[in-house]
Each structure stands twice: as structure tokens, then as C-alpha cells.
Amino acid sequence: MLTPQDNDLLTRVGPGTPMGTLLRRYWIPALLPTELPEADGAPIRLRLLGENLIAWRNTDGSLGVMQNACPHRGASMFFGRNEENGLRCVYHGWKFDVTGACTDMPNEPAESNFKHKIHATAYPTQEKGGMVWAYLGSERPLPPLPQFEWMDLPSHRVIASKRVQQTNWLQGIEGEIDQSHVSF
């Protein structure tokens with residue numbers, strides 16, 4: 001039996017926690033591409049490793065995953081407008097690209113360079129194997145994406161699915177080890 005302290009050490013995955021730091025060293029399956037099917041479509045909410053995030057598909061088809069709160073006033077970027085390769089906050093109109101760089105500040109004079117000083121936390125993504133993968137770590141250069149054999153199969157040979165399980169990661173793994181748990 002784990003002590004409460006050991007349980008917290010192993011199961012807390014938010015930013016700055018020991019297990020969160022470890023898990024952020026790896027690419028994480030974040031969502032299915034079908035959850036963001038169209039360019040410039042509505043953003044979606046996403047929660048990974050204890051972080052509330054927003055995901056969207058850009059005009060050019062690339063994917064963005066960034067912090068939920070706009071760095072300016074904290075408004076949720078979920079309500080933002082996805083337009084012209086960026087996500088625009090509905091509160092003051094600040095626009096961010098998939099790297100988290102602020103690309104437009106309509107309430108600043110055209111000659112202002114203030115937008116270059118503002119950055120939202122954003123995470124790299126890759127689509128492969130019928131999934132969108134996100135890297136929440138700080139290591140640069142990025143580690144390689146996992147090379148599972150099924151990731152290189154043609155799309156008509158891959159079936160990706162998603163299951164939401166209301167447990168911490170350790171309970172999920174623990175429950176999957178015993179095959180009798182699956183049927184119940």
C-alpha cells in the first residue's frame with residue numbers, strides 16, 4: 001500500500017511536479033484528427049497532464065495546442081476566433097500562432113513592437129498513425145516521435161479510437177494489467 005505522499009509523488013502530473021516533468025519528456029497522444037476536422041473550425045478544449053489547453057486547426061491545416069487563458073487578461077481562448085493561421089482572443093483581439101507567438105494586437109499602434117514581447121505557452125504537435133501527438137516538455141531539439149510499427153501503415157489500415165477514463169494514469173495502467181478488468 002502506498003503512503004499518501006508516495007501516491008501524490010506518483011500520480012500528480014501538473015507542471016513542476018516530479019511525475020509531470022518525467023511524462024513531459026515524451027510525445028503524448030492528445031486527440032484524434034477527426035476532433036478538429038476542418039481548417040479554421042471552432043477550437044476545442046483539451047486537458048493534458050493537468051493543464052487546460054485549447055486545440056485548433058489552422059487555415060493551412062496545421063494544428064495548434066496552447067494554454068487556455070489568453071496571456072493578456074486571462075480570457076478563455078476556447079471562445080477565440082480561428083482565422084488566417086491563428087487564434088484570436090475575443091476579449092481584446094490579440095492573435096496567436098501555433099508556436100504561441102503573438103502575431104497581431106489591434107489595440108496597439110502599427111509601429112508598436114509590443115506584440116513581439118508577448119508569448120503564450122504552446123506545444124508542438126504532429127499528426128501520425130491516426131492521432132495528434134503533443135509534446136509538452138521543454139527539451140530542444142524535440143525528441144523524435146515514437147516509431148511504433150502501426151504508425152506507418154496506410155490510413156485505411158489504422159483504426160484509432162479514444163476512451164475517456166476518469167482515473168489517474170497509474171490507476172489506468174494498473175487496471176489494464178489484469179485482463180479480467182477489461183471485461184468488467
Completion exercise
Share of accessible surface on carbon and sulfur in the chain, whole %, 1.4 Å probe and ligands ignored, is 54
Exercise for the section: Over the chain, average the accessible area per residue using a 1.4 Å probe and give it in Å², no decimals. Expected result: 62
Problem - HN-Hα J in Hz across the range 57-70 - Karplus 6.51, -1.76, 1.60, θ = phi - 60°, x for Gly and Pro - result: 9, 5, 4, 7, x, 5, 10, x, 9, 9, 4, 5, 8, 4
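Can you tell me, using C-alpha contacts under 8 Å and at least 6 residues apart, the relative contact order of the chain as a whole percent?
Details: 316 pairs, mean separation 34.8, N = 184.
So the answer I get is 19 percent.
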Practice task
Have a look at 79, 67, 114 and report the one farthest towards the positive end of the charge dipole of the chain, computed about the Cα centre with Cβ charges (Lys/Arg +1, Asp/Glu -1).
Solution key: 114
Completion exercise
HN-Hα couplings for the range 25-42 via Karplus (6.51, -1.76, 1.60; θ = phi - 60°), in whole Hz with x for Gly/Pro, come out as 7, 10, 5, 10, x, 9, 6, 8, x, 5, 6, 10, x, 10, 5, 6, x, 5
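Determine the order of 79, 96 by accessible area, beginning with the largest, at a probe radius of 1.4 Å. Write out the running numbers ahead of the final one.
Numbers: 79 120, 96 0 Å².
Listed by decreasing accessible area, they come as 79, 96.
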Exercise for the section: Quick one: which residues, 5+ away or cross-chain, put their amide H under 5 Å from the amide H of residue 83? H built at 1.01 Å from N. Expected result: 88
Exercise for the section: Among the lysines, select those whose C-alpha is under 24 Å from the C-alpha of residue 115, and discard any that sit fewer than 8 residues away in the same chain. Expected result: 95
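The values are calculated or read from the model by the stated rules, or taken from the named source; none is laboratory data. Note that the structure is predicted; figures quoted are calculated from it, not measured. Note that each Cβ is placed from the backbone with ideal geometry, even for glycine, and that neighbours are counted across all protein chains shown. Quick note on the areas: whole protein, heavy atoms, side chains included, nothing else; ligands and nucleic acids left out. Shrake-Rupley method; radii C 1.70, N 1.55, O 1.52, S 1.80 Å.
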